[in-house]
Amino acid sequence: MNKEQLLKQLRTNHELIGRNNEHAYDHLLMLKSDYAHLVDEEVELFMELNTSLAMKYFRADYAGALNNSLALISRYGQTTYRYLLAQHLRLAGHVYAEQAEYELAEEYLFKALENVHVGDPDYESIRALILYTLAMMHEFRCDGPEKPIAYLTEAIALLSDEMHGARRATCMMGLGNIYNEAEQIEQALKHYLDAAEMYEQRYLLADMAAAYSNIGNCYIKLVEFDRAEKYLNKSLELRLKAGSPSAISISYYTLGVMYKER
């Protein structure tokens, strides 16, 4: 394997981690062990980005992920591989937002935007992810719907290609959440239905289940209980096959709410 082939493997690994694939972490450890001789600045930035993501997704080790990415940011702050630096900055901003350190989150997310440019590898995906994280930060901070909607709308416009359908659907789900919280239920439902269709086309079971759950929740609020029950049962069925215990518990809880309301 040469460096270009290793970078392709790291991109695949990056996608697998994002999907919570159970084999992704072992795959990353294999790449780090077997191809240490190919590590240069670009490869290290990519490997450690995946390491930070794996720590966050698989271990819920937010502090470890943050410290790992901050170390890379400090070491390679002037790198020519800005698209990878931008993703470390984005991850740091995301963790700070989760910790309610919103000023730091915004600082790192704006720095991330400054480091990704047209023509970079995966430009559309990376910029859209940063915009998505900015939207979520403003949602966490309860700043109102205007900025999150603007950021997500810009992200969706970037993700127009068919290859970006899953990421586009995630942004649609984000818009649905914002409209849902603003009690604009019809708008929320529209975005959840659009997201569900995109997930169905790609057969992403966990994402389909999340969309169905949100759709069912909207129908509860619209007092359309038969439709709510249909989507909530579809969500539960998928989660019993491919969901985590916490996701399954959400489905049972939401069904309980629906039956209580009915």
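Rule-based calculations on the coordinates, nothing more; no lab input. If you're wondering where the values come from, they're calculated on a predicted model, not measured in any experiment. Every residue, glycine as well, gets a Cβ built from its backbone with ideal geometry; the counts of neighbours run over all protein chains shown.
The table below gives the values:
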quantity: Principal axis dimensions, segment 1-105 - Cα atoms, whole angstrom, descending; calculated: 43, 34, 17
quantity: Members of Lys32/Lys56; Lys56/Lys221; Lys3/Lys111; Lys56/Lys190 lying beyond 26 Å, as alpha-carbon distances in this model show; calculated: Lys56/Lys221; Lys3/Lys111; Lys56/Lys190
quantity: Rg to Rh, two decimals, where segment 61-162 supplies the alpha carbon set and Rh follows Kirkwood; calculated: 0.97
quantity: Whole-Hz couplings from phi, Karplus 6.51/-1.76/1.60, listed for segment 8-14; x for Gly and Pro; calculated: 5, 5, 5, 5, 4, 4, 4
quantity: Sites matching chymotrypsin sites (Phe, Trp or Tyr not before Pro) across segment 202-257 that sit in DSSP coil, with at most 10 neighbouring C-beta atoms within 10 Å; calculated: Tyr203
quantity: Rg ratio (alpha-carbon, reference 2.2 N^0.38 Å) - segment 184-249; calculated: 1.04
quantity: For the chain, size of Cβ-based charge dipole, Lys and Arg +1, Asp and Glu -1, in debye; calculated: 560
quantity: √(5λ) per eigenvalue of the Cα gyration tensor, segment 62-106, largest first, Å; calculated: 19, 11, 8
quantity: Viscosity 1.567 mPa s, 4 °C: Kirkwood-radius Stokes-Einstein D of segment 108-241 over Cα pairs, µm²/s; calculated: 84
quantity: Local electrostatic count, Leu66, Cβ distance below 11 Å [Lys/Arg +1, Asp/Glu -1]; calculated: -2
quantity: In Å, descending, principal axis extents of the Cα set of segment 155-205; calculated: 32, 23, 12
quantity: Segment Lys8-Ile248, length gained on full extension (0.36 nm per residue, minus Cα span); calculated: 83.0 nm
quantity: Residue with peak Gaussian network fluctuation, the chain [Cα springs, cutoff 10 Å], from Leu193, Leu222, Leu175; calculated: Leu222
